[in-house]
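Enquirer: Below is a structure I'd like to ask you about.
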Amino acid sequence: MSDRLKIFLLLAPALTAIIVLFMGGLGIGLARSLNYMPVIGLVDPNFDAYVTVFTSQEFYLSFLLTLHISVTSTVLSSILAIGAALLLRRQFIGRAIINFLFQLNLTVPHLVGAIGILYLFSQSGSFARLAAEWGMISRPGDFPALVFDPYAIGIILQYVWKEVPFIGVILLANMQALGEDYESVARSLGANRWQAFRHVLLPLIFPGLLSASVMVFAFTFGAYEIPAILGPNYPAALPVLAYRKYTDVDLEARPEAMAMAIVIALLSALMIFLYVRISRRNIRS
Amino acid sequence: MTHVSLKDLTKVYPGSKVPSLDRLSLEIPTGELTALLGPSGCGKTTTMKMIAGLLTPTSGDVTFDDRSILREKPEHRGVVMVFQNYLLFPYMSVADNIGFGLKMRKVDKSEIDRRVGEMLDLVKLPDLGKRRPSELSGGQQQRVALARALIVQPKVLLLDEPLSNLDAHLRFEMRDLIRSLQQEMGITTIFVTHDQEEAVVLADKVALILDGRLCQYDHADVFYKRPANEAVARFFGGQNFIPGQSSGTAFDSALGQLALPQNAITGKGTLTFRPENVKIGPSQTNGLTAILEDRIYLGTQTRLRLRVGETMVEAIANPDEVGDFEVGGPVPIHLPPQALWVLQ
């Protein structure tokens, strides 16, 4: 058996799943977004749904909100994860325990975390009550709106809480594999601590940081459940908006939902492309 | 132009009871090339890192021209360390690697380019500035690492096993390059190695460190002729150690009475002589008859295991000299007095 055939056969199960499920789903979605649904007699494809999507103001507001959520969560998580990894790679007493605690919330589902945030940070949540109890605010309702708020602080909080250990674990492994000798070289060549980090360590861990943060970016851009639980009603994040259209009583709205889903997919691909380009240019030159 | 001194330099790593380096004192004169020699784990890299400021000593001091540098940050010490595995920054071009130190000092871009060009010429890699480190051979990477260190004109240059990753023919080339650059720029240079050959070939003076302690600090040839103790002699390939009694002019042992060179110590001691100094053939002075136990032909030399009475003697001889002697038969040998050395 030739090597090529062997590789193809070995990859076949995974490829089948990807092609049938992913591409198939995308294909059907695309067809419906173009108003093509032979089962109910729609056989002339058109761009009506896309026109509706792109002419509604809500779509743009939702896009901006979603972009804000993913960029802010990704940047914040990345920065905090770098800091955490820098601390955790050092030798100190109790390091194993801290490391364990740091990674613990990797196992907690997003949904559970979101409900936790709701309990803690909402205006009727524990912190609001405590603050009122201690006289910091006159009643729980005066607590700053961190959930369902227009700045999506609750959502970002939840993503950061969940993604810092994810990126951090990857970076920590990365840093431990590198050791500290590269930075030692930089220091002895005259770099101060910050320069050694900025010009040596950061570029060295950059490939790991980039792949981890792209995953976070893509996830936060397309995820539904967290903005659905913690997000504002209007404008809603794009996936929430798309799902609402999909479950609308009016079946006419379905092609619109599909069009939006396709647009989300294209946008996240575009955003990832831009993100990779911009960060490459800035970190490694 | 910097005179380096180490004063009772000691390092005990946290959680360890035994010091990795125990009260090391050394004077390294301006512009000299000194080797710190010892097996791995003897504390030599620890010493380098403390001089470079990458590790803090437990006690003791490091001074440059009589001024302590321990409080200075690594980037302000004027010490550059070149690591064994070169550690070129993989994402930068060769030229950017060499210019790194100047960039950190915020030197003008045009000035950096000019000096990088000079450095590339100096290490004989004029056309490789645009390459990535991964596209270079080991020897070329070593040169780039050296250029990257020298461009900042360090007061003190530290080299970690500078020749050990190189092929035999590259070693001499690199040795010549390091020596000539070091002499030309007059940089006080310290390098560490576990390989006595590397130390002897490259250094003005050698400091032998065993188990975290300085055993002997001398010119290279002294380690072969007059080792300080048995451990030093063994480290340098000594194999013959014969206990006995010295009268100052003669040594009484299982080998009989042997004439000693002048100024030998008196009293109980251990006689040592290098395998290559055992001469084949009869002689009036210190002549012995040995039985040939084994011989190993090594191309340019032959290793002999000899027995004199009950005492084993290791010898290395020219293959032509030992052509006819058969294993089990007698071999006349002699030990020239000037090749003998008595250890306390």
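Enquirer: Go through the stretch B:1-42 and report how many residues are surrounded by 15 or more Cβ atoms within 10 Å (Cβ to Cβ) and aromatic (Phe, Trp, Tyr).
Expert: Total meeting the criteria: 0.
Enquirer: So, in the stretch B:52-108, exactly how many residues are within 14 Å of another protein chain (Cβ to nearest Cβ) and of a type in the set (S, T, N, Q)?
Expert: Total satisfying the criteria: 5.
Enquirer: Looking at the stretch A:222-232, can you tell me whether even one residue there is over 22 Å from A:Leu146 (Cβ atoms), of a type outside the set (A, V, I, L, M, F, W, C) and assigned to a helix (DSSP H, G or I)?
Expert: Looking for residues that are over 22 Å from A:Leu146 (Cβ atoms), of a type outside the set (A, V, I, L, M, F, W, C) and assigned to a helix (DSSP H, G or I), one finds at least one in the stretch A:222-232, hence yes.
Enquirer: I've got another one for you. Checking A:Gly94 against (1) within 14 Å of chain B (Cβ to nearest Cβ); (2) over 28 Å from the mean Cα position of the chain (by Cα), which single condition isn't satisfied?
Expert: Against the list (1) within 14 Å of chain B (Cβ to nearest Cβ); (2) over 28 Å from the mean Cα position of the chain (by Cα), A:Gly94 comes up short only on (1).
Enquirer: From the list A:Ile19, A:Ile98, A:Ile82, exactly one residue is in contact (Cβ under 8 Å) with a residue 40 or more places away in the chain and either β-branched (Val, Ile, Thr) or assigned by TED's automatic domain parsing to the domain that holds A:Pro232 (or both). Which is it?
Expert: The match here is A:Ile82.
Enquirer: Anything in the stretch B:209-221 that is in a helix (DSSP H, G or I) and under 30 Å from B:Pro57 (Cα atoms)? List them, or say none.
Expert: Matches in the stretch B:209-221: B:Ala220 only.
Enquirer: How about the stretch B:71-173: which helices (runs of 4 or more DSSP H) wholly inside it have at least 3 residues that are within 29 Å of B:Leu37 (Cβ to Cβ)?
Expert: B:138-150
Enquirer: Can you find, within the stretch B:73-130, the residue that is surrounded by the most Cβ atoms within 10 Å (Cβ to Cβ) among those that are within 27 Å of B:Leu166 (Cβ to Cβ) and of a type in the set (D, E, K, R)?
Expert: So, considering only residues that are within 27 Å of B:Leu166 (Cβ to Cβ) and of a type in the set (D, E, K, R), the one surrounded by the most Cβ atoms within 10 Å (Cβ to Cβ) is B:Asp96.
Enquirer: Any residue at all in the stretch B:147-164 that is surrounded by fewer than 20 Cβ atoms within 10 Å (Cβ to Cβ), hydrophobic (A, V, I, L, M, F, W, C), in contact (Cβ under 8 Å) with a residue 12 or more places away in the chain and more than 14 Å from every other protein chain (Cβ to nearest Cβ)?
Expert: Looking through the stretch B:147-164, none of the residues is surrounded by fewer than 20 Cβ atoms within 10 Å (Cβ to Cβ), hydrophobic (A, V, I, L, M, F, W, C), in contact (Cβ under 8 Å) with a residue 12 or more places away in the chain and more than 14 Å from every other protein chain (Cβ to nearest Cβ).
Enquirer: While we're on this one: Is at least one residue of the stretch A:220-233 more than 13 Å from chain B (Cβ to nearest Cβ) and touching a Lys or Arg at 6+ places or on another chain (Cβ under 7 Å)?
Expert: The answer is no, given that none of the residues of the stretch A:220-233 is more than 13 Å from chain B (Cβ to nearest Cβ) and touching a Lys or Arg at 6+ places or on another chain (Cβ under 7 Å).
Enquirer: Here is a further query. Taking the condition of being at pLDDT below 95 and under 28 Å from the mean Cα position of the chain (by Cα), how many residues in the stretch B:90-119 meet it?
Expert: Total satisfying the criteria: 1.
Enquirer: Sort through B:Phe235, B:Phe325 and tell me the only one that's within 29 Å of the chain's Cα centre (by Cα), of a type in the set (Phe, Trp, Tyr) and surrounded by 16 or more Cβ atoms within 10 Å (Cβ to Cβ).
Expert: One residue alone meets the criteria, B:Phe235.
Enquirer: Quick one: A:Leu120 ticks every box in (1) out of contact with any Phe, Trp or Tyr (no Cβ under 8 Å at 6 or more places or on another chain); (2) over 30 Å from A:Val200 (Cβ atoms); (3) of a type in the set (A, V, I, L, M, F, W, C) bar one, so which box is it?
Expert: Exception for A:Leu120: condition (1).
Enquirer: Okay, next question. Could you tell me whether the stretch B:22-29 includes any residue that is outside any strand (DSSP E or B) and either at pLDDT 90 or above or out of contact with any strand residue (DSSP E or B) (no Cβ under 8 Å at 6 or more places or on another chain) (or both)?
Expert: Yes, the stretch B:22-29 contains at least one residue that is outside any strand (DSSP E or B) and either at pLDDT 90 or above or out of contact with any strand residue (DSSP E or B) (no Cβ under 8 Å at 6 or more places or on another chain) (or both).
Enquirer: Looking at this structure, is B:Lys73 farther than 18 Å from B:Thr189 by Cα and modelled with pLDDT of 90 or more?
Expert: yes
Enquirer: All but one of (1) within 10 Å of chain B (Cβ to nearest Cβ); (2) buried (at least 19 other Cβ atoms within 10 Å of the Cβ) hold for A:Lys245; state the number of the condition that does not hold.
Expert: Result: A:Lys245 fails condition (1) only.
Enquirer: Ok, one more. Within the stretch A:254-285, how many residues are within 14 Å of chain B (Cβ to nearest Cβ), assigned to a helix (DSSP H, G or I) and out of contact with any helix residue (DSSP H, G or I) (no Cβ under 7 Å at 6 or more places or on another chain)?
Expert: Qualifying residue count for the region: 3.
Enquirer: Restricting the search to the stretch B:165-190, which residues are hydroxyl-bearing (Ser, Thr, Tyr) and either surrounded by 22 or more Cβ atoms within 10 Å (Cβ to Cβ) or in contact with a strand residue (DSSP E or B) (Cβ under 7 Å, 6 or more places away or on another chain) (or both)?
Expert: B:Thr188, B:Thr189
Enquirer: So, of the residues in the stretch A:126-149 that are of a type in the set (A, V, I, L, M) and at pLDDT 85 or above, which turns out to be surrounded by the most Cβ atoms within 10 Å (Cβ to Cβ)?
Expert: If we take residues in the stretch A:126-149 being of a type in the set (A, V, I, L, M) and at pLDDT 85 or above, then A:Ala128 is surrounded by the most Cβ atoms within 10 Å (Cβ to Cβ).
Enquirer: With the checklist (1) over 30 Å from B:Phe89 (Cα atoms); (2) without any contact (Cβ under 8 Å) to a residue 40 or more places away in the chain; (3) in a loop (DSSP other than H, G, I, E, B) in hand, flag the one item A:Val147 doesn't pass.
Expert: (2)
Enquirer: Name, by its number, the condition in (1) under 22 Å from B:Ile190 (Cα atoms); (2) modelled with pLDDT of 95 or more that does not hold for B:Leu159.
Expert: The one condition B:Leu159 does not meet is (2).
One line per residue, one yes/no per condition, for (1) touching a Lys or Arg at 6+ places or on another chain (Cβ under 7 Å); (2) modelled with pLDDT under 90:
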| residue | (1), (2) |
| --- | --- |
| B:Lys268 | no, no |
| B:Asn286 | no, no |
| B:Ile296 | yes, no |
| B:Gly299 | no, yes |
| B:Val331 | no, no |
| B:Leu335 | no, no |
| B:Val342 | no, no |
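Enquirer: Kindly provide the set of residues from the stretch B:196-247 that are out of contact with any strand residue (DSSP E or B) (no Cβ under 7 Å at 6 or more places or on another chain) and among the hydroxyl-bearing types (Ser, Thr, Tyr), ordered by number.
Expert: Passing the criteria: B:Tyr224, B:Ser247.
The values are calculated or read from the model by the stated rules, or taken from the named source; none is laboratory data. The model shown is predicted, which means the values in this text are computed figures rather than measured ones. A quick note on method: Cβ atoms are made from the backbone with ideal geometry, for glycine too, and the neighbour counts reach across all protein chains shown.
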